[in-house]
Amino acid sequence: MGNGRQMPRGRQLWLVPTGGQAGRHLVADVAVRAPTRHTQAFAVPDEWRDAVRPGATVRVPYGRGQRIVEGLCLRVTEQAWDSTRLPIVGVQPGPPWLSEQLVELALWVSDYYLCPPWKTLAAFLPAGLRKARPRVATYVRATGAAPSGSLTARQVLLLTTLGDQEMRRADVLARAGVSAATLRGLCRRGLVECRTRAEPAPVPSALLPAAATGGAASPEDAYELTPGQEAAVRQVCAAGEQRDAFRVFVLFGVPGSGKTEVYVRAMRDAIRRGRQVVLLIPEIALATQIVDRLARRFQRVVVLHSQLPPRVRRATLAAIAAGAVDVVIGTRSAVFAPCPKLGLIVVDEEQEGSFKNLAAPYYHARDVAIKRGQLERVPVLLGSATPALETWYNVQHRSHFQLIHLPERVPGASLPTVQLAQRGSPDVEPACGVLGPELRAAVAETLDAGQQAILLYNRRGYAVFLRCTRCGLIVRCERCGAHLVYHRVEHVLKCHRCAVRTPPPAHCLDSTCDGRLGQMGLAIQRLEEDLRALFPQARLLRLDSDTMRRREDYQTALGRFESGEADILLGTQMVAKGLDFPRVRLAGVVEADAALSLPDFRAAEKVFQLIVQVVGRAGRREGPSLAIVQTRERPPAVIAHALRLDYETFAAQELELRRRFSFSPAVRMVRLLLADRRPYRARDEAERLAAVLRERAGRAHARLRVDSPEPCVIRRRGELLRYQILIRGPQGARIQEFLDSAGRDKELAPRVQRFTIDVDPVDWL
């Protein structure tokens with residue numbers, strides 16, 4: 001150039017405006033369907049100006065070869081035209097409810113959990129929502145032309161019915177009582193015309209279960225709050241009134257202290273202010289009671305979970321985005337509900353591991369709820385009788401966390417008497433059955449009194465494994481190596497890891513032995529058999545994933561138990577969560593210490609939570625009640641704390657152990673998982689990757705630690721051999737930035753069939 005100045009890199013001379021005014025054009029930020037954690041900017045052609053909006057599915061050129069790939073539009077802005085950008089080549093409008101706040105939340109999830117934005121957005125907008133065909137309807141109106149010739153009586157009737165208005169085709173045919181042939185005849189003569197246009201799908205009435213009752217008053221509305229409940233409601237409502245309402249309230253109360261009533265009153269206050277509420281529950285199949293209770297007490301309630309058909313899910317989200325819904329109840333994916341007037345987020349039983357998504361993005365719904373509350377400046381209410389230790393740690397160290405304590409049960413309910421019963425392992429004496437004498441006697445006494453009992457045995461099947469009585473060989477899964485569980489009802493062996501099913505062998509699998517196979521480790525089907533033999537007159541219901549295959553099965557079973565059609569409710573951990581039955585006078589836990597032997601640093605926490613939850617099922621109404629915790633061995637300290645419902649002492653001791661051995665929440669943790677079918681490939685790549693990351697860690701942070709790779713506890717899953725690398729660092733170590741930097745330098749791409757980055761891991765097996 002004549003003045004010696006150089007053009008900025010990427011600037012094109014023919015794009016420079018001649019009048020001195022910077023040119024401007026529309027630019028779309030797009031999350032492309034590619035393994036990248038960065039969004040891309042594309043120009044929006046004039047023909048797509050109206051169609052390209054947040055949430056739209058677009059087709060864009062990507063990569064060196066500029067192959068056409070799919071992407072999701074995050075935002076559209078007008079920018080200065082100072083460089084060329086590749087244009088969008090196709091667009092499908094998609095749903096209109098991806099707001100600016102949800103985009104910001106999605107990008108945070110992508111950054112925090114080290115997941116490509118495309119996969120994160122797929123959790124917000126599943127394929128069934130992105131690619132659904134628009135709903136179209138045909139409308140009919142008279143043209144006003146004079147008929148040339150006579151009309152039939154049916155044609156006259158149709159024109160009379162139509163008059164000078166436009167009506168839906170189906171409606172006018174039904175109202176006139178004529179066939180489509182009559183309409184086609186009028187169309188050919190030019191007397192009527194049909195027009196087809198897109199329109200929003202109606203919200204199915206089933207989505208609004210309380211609409212028929214109008215949210216009528218229920219008996220709970222007359223309930224007088226305890227002083228603790230009143231203080232809790234007052235604190236949450238006061239925060240909601242503020243301009244920046246973000247706080248995290250941890251509602252910590254013993255089972256039966258009335259946490260649900262606090263939720264309801266706080267939710268009503270938010271709705272009174274014209275706001276919407278999201279209530280997260282651990283599992284939709286286990287939330288039957290709370291959904292029914294809340295549906296009776298609010299006018300506009302929807303249930304949102306991943307099992308909804310795409311059409312119903314789309315209509316539900318559209319109703320939420322339109323402000324036609326006050327309360328959204330759902331599982332972890334409901335944290336992304338498109339509420340334009342969000343006023344409160346409630347997470348019930350926040351300690352539950354099911355809030356952790358076990359596929360990319362590996363987000364934890366509780367933590368995403370807290371981040372969304374921060375972004376949208378609304379309070380977040382976490383409720384639990386046994387908070388996750390991460391939550392308890394945050395209460396002690398984070399200024400925006402506030403503890404609300406409910407120390408007593410509501411009037412009319414008292415905590416049960418808790419007893420410990422020690423029982424030798426049934427593996428040693430299988431003929432003696434599963435129940436110890438104390439639990440047998442308690443069940444008999446409960447039945448004689450006409451009351452109900454809940455028993456928990458967290459082992460599926462009839463026998464945990466089959467073992468040769470001669471050589472000791474255990475029958476294992478050929479795909480993953482796990483022991484196969486014998487299910488007597490179906491007479492089949494099942495792998496509870498990879499779902500393999502096979503007939504049980506007649507003899508030892510070692511042809512040189514040919515010994516007899518013995519059933520070892522009695523499970524819930526054997527306990528059911530024992531109960532039916534011991535109490536033949538008792539009506540028994542068994543709840544586990546083998547009998548409750550659908551949500552409707554679970555609802556039916558709970559309804560039968562609540563109405564008194566069953567005396568004993570036997571189940572796995574399904575019977576421990578959020579159930580409220582007034583006639584239950586006995587709660588029992590069988591082999592409460594079995595899970596303590598698992599190589600999981602969270603084992604003690606999970607056992608404590610499970611015992612407290614089961615104990616809390618008894619004594620929900622007036623009258624004496626009993627809880628019996630049966631163990632194999634002499635109980636360790638964790639069970640002693642659980643029997644006293646002493647969470648605070650347990651938490652203090654467990655947090656000290658976590659600090660001493662550098663486990664969460666004392667440190668931040670990321671688990672890298674490498675899996676491959678080929679022998680030694682996962683191990684070799686894990687060792688190479690660990691060495692590279694260990695060298696980088698020393699430069700990134702002095703206390704960042706990369707552990708040596710080791711086989712996973714479950715070494716094989718399916719046909720893949722698995723190794724893991726654990727990365728640990730202090731709270732301020734910024735492990736995500738460290739790994740993102742390694743990814744940009746192409747040092748985080750091991751040559752294995754499956755590579756997973758799990759931030760804040762929950763599943764340790």
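General remarks:
- Those residues of segment 136-167 which are aliphatic (A, V, I, L, M), surrounded by 12 or more Cβ atoms within 10 Å (Cβ to Cβ) and in a strand (DSSP E or B), in sequence order: Ala137, Val140, Ala142, Met167
- Some residue of segment 610-620 being touching a Ser or Thr at 6+ places or on another chain (Cβ under 8 Å), assigned to a helix (DSSP H, G or I) and of a type in the set (A, V, I, L, M): yes
- Screening Leu540 with (1) in contact with a Gly (Cβ under 7 Å, 6 or more places away or on another chain); (2) modelled with pLDDT of 90 or more; (3) not hydroxyl-bearing (Ser, Thr, Tyr) gives one miss only, at (1).
- Against the test of being modelled with pLDDT under 90 and buried (at least 16 other Cβ atoms within 10 Å of the Cβ), the options Leu102, Leu98, Leu114, Leu107 yield a single qualifying residue, Leu98.
Quick grid of which residues meet (1) crowded, with 20+ Cβ neighbours inside 10 Å; (2) at pLDDT 85 or above:
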| site | (1), (2) |
| --- | --- |
| Phe601 | no, yes |
| Arg617 | yes, no |
| His641 | yes, yes |
| Asp646 | no, yes |
| Thr649 | no, yes |
| Leu657 | no, yes |
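- Under the condition of being of a type in the set (A, V, I, L, M, F, W, C), part of a loop (DSSP other than H, G, I, E, B) and surrounded by 23 or more Cβ atoms within 10 Å (Cβ to Cβ), the residues counted in segment 373-392 number 2.
- In segment 67-77, the residue that is surrounded by the fewest Cβ atoms within 10 Å (Cβ to Cβ) out of those that are within 25 Å of Phe124 (Cα to Cα) and among the charged types (D, E, K, R) is Arg75.
- Entirely in segment 702-759, the strands (runs of 3 or more DSSP E) that have 3 or more residues that are touching a Lys or Arg at 6+ places or on another chain (Cβ under 7 Å) and of a type in the set (Phe, Trp, Tyr): none
- Ala533 vs. criteria of a type in the set (Gly, Ala, Ser), closer than 23 Å to Leu586 by Cα and outside any loop (DSSP other than H, G, I, E, B): yes
- Taking segment 677-701 as the range and being among the acidic types (Asp, Glu) and either assigned to a loop (DSSP other than H, G, I, E, B) or without any contact (Cβ under 8 Å) to a residue 40 or more places away in the chain (or both) as the test, the residues that pass are Asp684, Glu687, Glu695.
- Subset of segment 440-456 [polar (S, T, N, Q) and assigned to a helix (DSSP H, G or I)]: Thr446
- Scan of segment 641-659 for residues that are part of a helix (DSSP H, G or I), under 16 Å from Val615 (Cβ atoms) and touching a residue at least 60 places away in the same chain (Cβ under 8 Å), ordered by number: Leu643, Tyr647
Condition check ((1) closer than 29 Å to Leu358 by Cα; (2) not in a helix (DSSP H, G or I)) across all residues:
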position	(1), (2)
Ala604	yes, no
Phe608	yes, no
Ala627	no, yes
Ala675	yes, yes
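- Residue check, Arg671 more than 30 Å from Ile454 (Cβ to Cβ), touching an Asp or Glu at 6+ places or on another chain (Cβ under 7 Å) and modelled with pLDDT of 95 or more: yes
- Pairs where the first residue, in segment 495-512, is over 13 Å from Glu719 (Cβ atoms) and the second is of a type in the set (Lys, Arg) and assigned to a loop (DSSP other than H, G, I, E, B), C-beta under 7 Å, 6+ apart: His496/Arg460; His507/Arg516; Cys508/Arg470
The values are calculated or read from the model by the stated rules, or taken from the named source; none is laboratory data. Computed from a prediction, not measured in an experiment: that's the story for all the values here. As a convention, Cβ positions derive from the backbone with ideal geometry for all residues, glycine included, and neighbour counts pool all protein chains shown.
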